[in-house]
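Here's the structure, in C-alpha cells; my notes come after.
The values are calculated or read from the model by the stated rules, or taken from the named source; none is laboratory data. In this text, all values refer to a predicted model and were calculated from it rather than measured experimentally. Cβ: placed from backbone, ideal geometry, glycine included. Neighbour counts: every protein chain shown.
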Amino acid sequence: MEALSGTREKKKVTAVAPPISRSHWADARHRLVRNKAAVIGMIIIGLFLFTAIFASVLAPQNPLKIHDGQGYLPPAWVAQGVNGKAGTPDFVLGTDTIGRDVLSRLIYGARVSMFVGLVPVFIILVMGTIIGMAAGYWGGQVDNVLMRITDVFYAFPGLLFFIILMVTLRDTAVGKAFNGLLLLFLALAIVSWVGVARLVRGSVLSVKQREFVEAARSMGATDQRIMIQHIFPNILSPLVVWVAFAIPGMIIAEATLGYLGLGLRPATDPHAFFITSWGVLMLEGRGAMTVQPWILLAPSICVGLVVLAFTFVGDGLRDALDPRAR
C-alpha cells in the first residue's frame, strides 16, 4: 500500500521545448506572412508585375492597331451601348475612340506604371541614403551644408515642380528619350530624395554612438567600412517601410501627370516596350465617360488596386519590423 501511494504521489514531468530563436529579419518575415492583408497585397503586386513583364504575350490585340469602324465599342458583356453598338468577345473591355483595344492598352499600361513605381524609388533611395548617411555620420559642417541643400529642395512643392520640369524639358532630347520616360523618372526623383535623406540622417545619428560602432572604430575600421558594414544594415528597417509607401506615391504622381497630358509621349512603334500608361488612358477616357466608361474606369481601378496593395504591404512591414511587437 505504501508503494502504491508513493507511486500515486509521483509528479509527472513534462518536457518543455525551448523557445525557437529567430533573427530579427526571420522574425519579421514570419510575422509578415501571417498578416493576411499584406499577403493579399503581395499577391496583387506579383500579378501586376507578371502582367507588366509579359504584356506582349498576355495582350489579346496589338495596342496600337486601329480597327476601322470599331470605335467606341462597349465591353463584351453589354448587348447594346448608349451609342447603339454591341459588345464583342474580341474586345473584352471594348475599344476607344479610334478602335484600339482597351484591354490590350490596359495591359501594356501596367509596364509604365509599375516601372515608374520602382525605378524612381530606387534612384531616390540611393541619393537619399548617400546624402543622409554622410550628413549623419560626419556631422559638423558637412551636416550643415547637406541639410541646408535638403531644405532648399524641400521648399519646392513636389507636384508643381514635376509639372514645371515636364513642360520646360518636354521637347528637348531628354524629354524625348524613351518616349519621355527618362524625364519622368528624373522629375519624380529630383525632389523626393529629401524625405529619405532626413530619415537616414536621423537613423544614423541614433546608431553611430552604439558600442559596436565604437568597437569597429577602435579596431581601425575606415569610415566607409563602418557606414557600409555596421551602420547601413541597422537602418534598413525604416527604409524598407519607406519604399513600400513611396512606390504607390510614384504611381499616383505618374497617373496625375498623365491625366494632365504631361506623362508618356504617344508611341508609334508597336514593338516598343513602353507604349502607354494608365495615366494616359485616363486622359483618353475623360471625354468618353458617357459613351465608353471603361476607357476611364479600367485604369482607375488598376491604379487603386496597386496603391491599395502597396499600402497593405507597407502596413504589414511596419508592424513586422517594429521591435516593440516582438
In region 158-187, residues that are in contact with a helix residue (DSSP H, G or I) (Cβ under 9 Å, 6 or more places away or on another chain), exposed (fewer than 14 other Cβ atoms within 10 Å of the Cβ) and outside any helix (DSSP H, G or I) total 1
Could you list, in sequence order, the residues of region 87-138 that are crowded, with 22+ Cβ neighbours inside 10 Å, part of a loop (DSSP other than H, G, I, E, B) and small (G, A, S)?
G94
From T290, T256, which residue is surrounded by fewer than 21 Cβ atoms within 10 Å (Cβ to Cβ), of a type in the set (S, T, N, Q), under 26 Å from K65 (Cβ atoms) and touching a residue at least 40 places away in the same chain (Cβ under 8 Å)?
T290
Unique match (being of a type outside the set (D, E) and either at pLDDT 85 or above or closer than 20 Å to V280 by Cβ (or both)) among I20, I53
I53
Can you tell me which residue within region 265-281, out of those that are within 20 Å of the chain's Cα centre (by Cα) and surrounded by fewer than 23 Cβ atoms within 10 Å (Cβ to Cβ), is nearest to L308 (Cα to Cα)?
F274
One residue from R148, R105 being among the basic types (K, R) and farther than 18 Å from G263 by Cβ:
R148
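I'd like to verify a number: residues in region 31-86 that are within 30 Å of L118 (Cβ to Cβ) and assigned to a loop (DSSP other than H, G, I, E, B), how many?
Residues that pass the stated criteria total 10.
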Do any residues in region 209-237 that are closer than 15 Å to T129 by Cβ have Cβ atoms under 6 Å from those of residues that are part of a helix (DSSP H, G or I) and among the hydroxyl-bearing types (S, T, Y), where the two are at least six apart or on different chains, and which pairs are they?
M227/Y137; I235/S203
Hey, P248 hits all of (1) in a helix (DSSP H, G or I); (2) touching a Ser or Thr at 6+ places or on another chain (Cβ under 7 Å); (3) at pLDDT below 85 but one; which does it fall short on?
(3)
Residue check: is I190 within 28 Å of M282 (Cβ to Cβ) and in a helix (DSSP H, G or I)?
yes
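If you check V167, V241, V204, V200, which single one turns out to be in contact (Cβ under 8 Å) with a residue 60 or more places away in the chain and touching a Ser or Thr at 6+ places or on another chain (Cβ under 6 Å)?
Working: V167 fails: touching a Ser or Thr at 6+ places or on another chain (Cβ under 6 Å); V241 fails: touching a Ser or Thr at 6+ places or on another chain (Cβ under 6 Å); V204 fails: touching a Ser or Thr at 6+ places or on another chain (Cβ under 6 Å).
Residue meeting the stated conditions: V200.
Scan region 193-208 residue by residue and report those that are in a helix (DSSP H, G or I) and of a type in the set (K, R).
First, the residues of region 193-208 that are in a helix (DSSP H, G or I): 193-207.
Within region 193-208, R198, R201 qualify.
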With the requirement that a residue be over 30 Å from V303 (Cβ atoms), of a type outside the set (G, A, S) and in contact with a helix residue (DSSP H, G or I) (Cβ under 7 Å, 6 or more places away or on another chain), what does region 198-222 give you?
R201, V204, L205, V207, K208, F212, V213, R217
